[in-house]
Amino acid sequence: MIGRDDYSGPALDPEQMEADPVAEFSKWFQAAHASQVAQPNAMSLATTADERPSVRTVLLKSFDDGFVFYTNYESRKGRELDDNPRAALAFAWLELHRQIRIEGRVTKLSETESDDYYATRPRGAQLAAGISRQSEIISDRAQLESAFAAAEEKFADSDIPRPEYWGGFRLRPVVMEFWQGRPDRLHDRIRYRWEESRWVIERLSP
């Protein structure tokens, strides 16, 4: 993990951590918010198709038994998740010398869940979702702005419907690792691994 050598984070004790890693994540996420970490819900999403990995930053929108994000289903990540529904997430809160890595299986949200979230988005974001063919080549920015202006005019006096190709995914974890920077690079790494219907907690060497 990128950072300075003078790590000063608290030591991690597995016996003091939650039995459920999502509950432990909630504590860390709240601490990141309280510490005013810049955009604490930003997470790297790694996908793989045809043995070619790709990674990008997306925003966590909610979490329950899994981690929820939204995108264009026809984008590269959407197509790759259709091809291989296994993915990985990473949160890096450098100010706190903390990182959380998550691996799991991804499923699409129901249309109702996607509709409910889409209705909360600003109109500009709704319009953008409707006119963007994410990951496809376009001739120039003028093409994008022209399509946006046409959509603004079309829906000037009406609600903007959610495009069928836009919606949410939920990644349900099978592995979660909590990383805390410590002095002399003797970092704490605590891994939760789902095995035989229970979470196994292990300490990893740094």
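What the table below lists for this structure:
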read-out	value
Residue list for the range 84-135, restricted to those being among the polar types (S, T, N, Q) and either outside any helix (DSSP H, G or I) or touching a residue at least 24 places away in the same chain (Cβ under 8 Å) (or both)	Asn84, Gln99, Thr107, Ser110, Ser114, Gln126, Ser132, Gln134, Ser135
Among the residues listed as Pro183, Pro122, Pro206, the single one being surrounded by fewer than 18 Cβ atoms within 10 Å (Cβ to Cβ) and in contact with a Phe, Trp or Tyr (Cβ under 8 Å, 6 or more places away or on another chain)	Pro183
Residue check, Ser146 of a type in the set (Ser, Thr, Tyr), surrounded by 18 or more Cβ atoms within 10 Å (Cβ to Cβ) and under 28 Å from Lys77 (Cα atoms)	no
The range 152-180: number of residues that are surrounded by 18 or more Cβ atoms within 10 Å (Cβ to Cβ) and more than 19 Å from the chain's Cα centre (by Cα)	3
Candidates Thr47, Thr57, Thr107 - the one that is crowded, with 19+ Cβ neighbours inside 10 Å, within 24 Å of Tyr192 (Cα to Cα) and in contact with a strand residue (DSSP E or B) (Cβ under 8 Å, 6 or more places away or on another chain)	Thr47
Search result, residues across the range 166-186 that are assigned to a helix (DSSP H, G or I) and at negative phi	Pro183
Count of residues meeting criterion [among the β-branched types (Val, Ile, Thr) and buried (at least 18 other Cβ atoms within 10 Å of the Cβ)] in the range 186-200	1
Complete set of residues in the range 31-47 that are in a strand (DSSP E or B) and either farther than 15 Å from Ile102 by Cβ or under 11 Å from the mean Cα position of the chain (by Cα) (or both)	Ala42, Met43, Ser44, Leu45, Ala46
Residues being assigned to a loop (DSSP other than H, G, I, E, B) and at pLDDT below 95 - total across the range 48-63	2
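Yes/no matrix, rows are residues, columns are (1) in contact with a helix residue (DSSP H, G or I) (Cβ under 8 Å, 6 or more places away or on another chain); (2) modelled with pLDDT of 95 or more; (3) over 30 Å from Lys27 (Cβ atoms):
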| position | (1), (2), (3) |
| --- | --- |
| Gly104 | no, yes, no |
| Glu113 | no, yes, no |
| Thr120 | no, yes, no |
| Leu127 | yes, no, yes |
| Ser139 | no, no, yes |
| Gln143 | no, no, yes |
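The values are calculated or read from the model by the stated rules, or taken from the named source; none is laboratory data. Since we're looking at a predicted model, the values are computed, not measured. In this analysis, Cβ positions are derived from the backbone assuming ideal geometry, glycine residues included, and neighbour counts consider all displayed protein chains.
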